[in-house]
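The values are calculated or read from the model by the stated rules, or taken from the named source; none is laboratory data. Remember, predicted model here, so these are calculated numbers, not experimental data. Every residue, glycine as well, gets a Cβ built from its backbone with ideal geometry; the counts of neighbours run over all protein chains shown. Just the protein is used for accessible areas: all its heavy atoms, side chains included, with ligands, DNA and RNA removed. Shrake-Rupley method; radii C 1.70, N 1.55, O 1.52, S 1.80 Å.
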Amino acid sequence: MTELTTLGIHALQDLLARRQTSAEEILRAHLDWVERRDSEVHSFLAVSAERALQQARAADRRLAAGGALRPLEGVPVAVKDVILIRGLANTCASKMLENYIAPYSATAVERLEEAGGMILGKTNCDEFAMGSSTENSAFFPTRNPRDLTRVPGGSSGGSAAAVAANTAMVALGSDTGGSIRQPAAFCGVVGLMGTYGRVSRYGLVAFASSLDHIGPFARSVRDVARVLSVIAGRDPLDSTSADIPVPDYEAGLEESVKGLKIGVPEEYFKGLNAEIAGPIENGIKLLCALGCEVVPIRLPHTEYAIACYYLICTAEASSNLARYDGVRYGLRAPEYADLRDMYKKTRNRGFGAEVKRRIMLGTYALSSGYYDAYYLKAQQVRTLITRDFIEAFDEVDALVTPTSPIPPFKLGERLDDPLQMYLADIYTVTASLAGIPGISVPCGRTRGNPPLPVGMQILAGHFDEARLLQLAYAFEKAGGFEIAGSPNLPHTGT
Amino acid sequence: MTEKDVRYVAELAHLELTDAEVQRFLPQLDAILKYVQKLNEVDTTRIEPMAQVTFAETQSPPLRADQARTGLGREETLVNAPEHGGGCFKVPKVIERE
């Protein structure tokens, strides 16, 4: 029988429907593989075997009683540890929340479970989702399953690595400035950030509220489409979730992409690393071969995006993270002189270096005398960056760019230079600022030894996820993930 | 940015940084703040600031019906508190007695 851990949702549910496997068997295959493979990759902060087993048995009883397959029946899911699951620890990879047990579940998690998904466990990430390598976890770094000496990207590195290593079939991550798309690119899987408001944020621990999203990872576009259809849609518990109907993204995948106009923004290719540029250029040629019309386009405010993003996200973070004060939940320093001293000692003990740095930066940008020069200015530039996109989508149906300007780097390589780390987010923060959807798909690989995954990003206008997914699917079907001329990726095992 | 600024901002943010942390953060924050000065190259005269992406500037968010809803119960809320008693969160004494 086919190795259960390597399947996609479609093939898996075929086996389930024909009673050639059971949800419990699928789950056990994954738990076994987690036990072996995750001792090297370190994707998981916690495995919720007992809970998943109950879900698997409930699914099997359902199927035995003649119940129809739900959209995610028998699908093992990993969830980033910033997304709450009732009754499970939610640490945000921080000492601050090391002992925090979620009192309720995120809406996205409830929808996954209602659709038959089995929750395998919680995945590692940068502390409070702040970082681009998962090295800022207070517990341990996660390794890239394609090359264990390299980072999986971040902040949702644990989720991306789990899907790449076949320890989970699909996963949820969060994306504030690229935290789904960049690790998807680094690990060679598909990752999608929907339009702001497409997926409810209820139950996602807040980092920067105007930029935070929940979104899916999977090994195929079809599986990402399936999960998005399940988790998207209006949620009365998140007032910013959009009251816009959710199409069946999977049913729309086969629509032709012939004649679609694709913009290639020149700002995203200036001085681009040749290791990345080669595969991406081949990817664009493939889109041409599929009948898309590729045109150059300009997004003139791109070079200001990093400065704009890091002012806005840190300002919002400094406000959102004020809640960790040792009173209602989380850590409290054991010794202190008075209330104020307790706040300060608790926060200094509970937060890691990057979180402190961002709180400091955000507090500075919001402080009296600097607000107009930094925060207000950044908000104005955000308007201009958004206008660039809106004007671009008057002319083209979608944009194609690299996801990351660099291939996955070695652990420890960038830790001492936060600005260099921030600059690596250059191609992903723009869509976050504008609130438009983006997907990263594998697009060949570098020529190094071992070869490393390269990700291509596709962006579309607000609520045009269907278009993104059609393009990504056509690209995948035409062999885009394995672009001709690319060396083979090392096997991540079965 | 100066060392004094770092200590002042840490105070505002309720962070008690060690001397070593101050020395480490100072050049890093300084480099980041120098980098973000880049925004001054952009002319933003009469450009509206953008605080959210959900609604057009002229649109206001829909309000839900003003109905009471049950939130988390007291027990569930207190279970994660570092210290609680008598159904309340406990904090260090803030009012001194004569």
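Couple of notes before you dig in:
- Model label points for residue A:298 and residue B:56, set 7 angstrom from Cα along the Cα-to-Cβ axis, are 2.7 nm apart.
- Between the alpha-carbon centres of the range A:60-132 and the range A:140-188 there is a gap of 16 Å.
- Taking one quarter of the surface of the convex hull spanned by the alpha-carbon atoms of the range A:4-231 gives a direction-averaged projected area of 10.5 nm².
- Shape summary of chain B, radius of gyration then Dmax from alpha carbon positions: 22.9, 59 Å.
- Extension gain for residue A:209-residue A:114 works out to 31.6 nm (0.36 nm per residue, less the C-alpha to C-alpha distance).
- Per-peptide packing, taken as the mean over residues of other Cβ atoms within 10 Å, places A:154-167, A:205-218 in the sequence A:154-167, A:205-218 from highest down.
- Scaled against 2.2 N^0.38 Å for its residue count N, the alpha carbon radius of gyration of the protein assembly as shown is 0.94.
- Qualifying GluC sites (Glu not before Pro) for the range A:234-301 [loop in DSSP, other Cβ within 10 Å: at most 12]: A:254
- Dividing the mean sequence gap of close Cα pairs (under 8 Å, 6+ apart) by how many residues chain A holds gives a relative contact order of 17 percent.
- Inter-chain neighbour count for B:2-10: the average number of beta-carbon atoms from partner chains within 10 Å of each residue's beta-carbon is 3.
- Normalised per residue, the accessible area of the protein assembly as shown is 39 Å², obtained with a 1.4 Å probe and no contribution from ligands, DNA or RNA.
- From helices alone, the protein assembly as shown scores -11000 deg cm²/dmol at 222 nm; the rule is -39500 (n - 2.57) for each run of n ≥ 4 DSSP H residues, then divide by the residue total.
- Exposed-site-free run, longest, chain A (rule: trypsin sites (Lys or Arg not before Pro); DSSP loop; at most 11 other C-beta within 10 Å): A:20-257
- Antiparallel content of DSSP bridges confined to the range A:4-231, in %, to 5: 65 percent
- A DSSP coil position with no more than 15 other Cβ atoms inside 10 Å describes the following trypsin sites (Lys or Arg not before Pro) in chain B: B:46, B:64, B:69, B:90, B:93, B:97.
- Debye-formula intensities of the range A:1-67, expressed as log10 I(q)/I(0) at q = 0.26 Å⁻¹, are -1.20 (one equal scatterer per alpha-carbon, no solvent).
- For the range A:148-206: rounded, prolate or oblate by the Cα gyration tensor [a/c cutoff 1.5]: prolate
- Sparsely packed chymotrypsin sites (Phe, Trp or Tyr not before Pro) within chain B, loop by DSSP, other Cβ within 10 Å at most 16: B:55
- Ellipsoid equivalent to the range A:31-101 - semi-axes via the Cα gyration tensor, in Å: 27, 16, 10
- Average partner coverage of A:33-45, which counts Cβ from other chains inside 10 Å: 0
- Here the range A:215-344 is treated with +1 on each Lys and Arg Cβ and -1 on each Asp and Glu Cβ, and its dipole about the Cα centre works out to around 80 debye.
- Counting only other chain Cβ atoms within 10 Å of each residue's Cβ, the peptide B:16-22 averages 3.
- Mean Kyte hydropathy of -1.0 or more with a Cα span along the axis of at least 27 Å, helices from DSSP in chain A: A:377-395
- Neighbour net charge for residue A:244 - beta-carbon separation under 15 angstrom, K R +1, D E -1: -3
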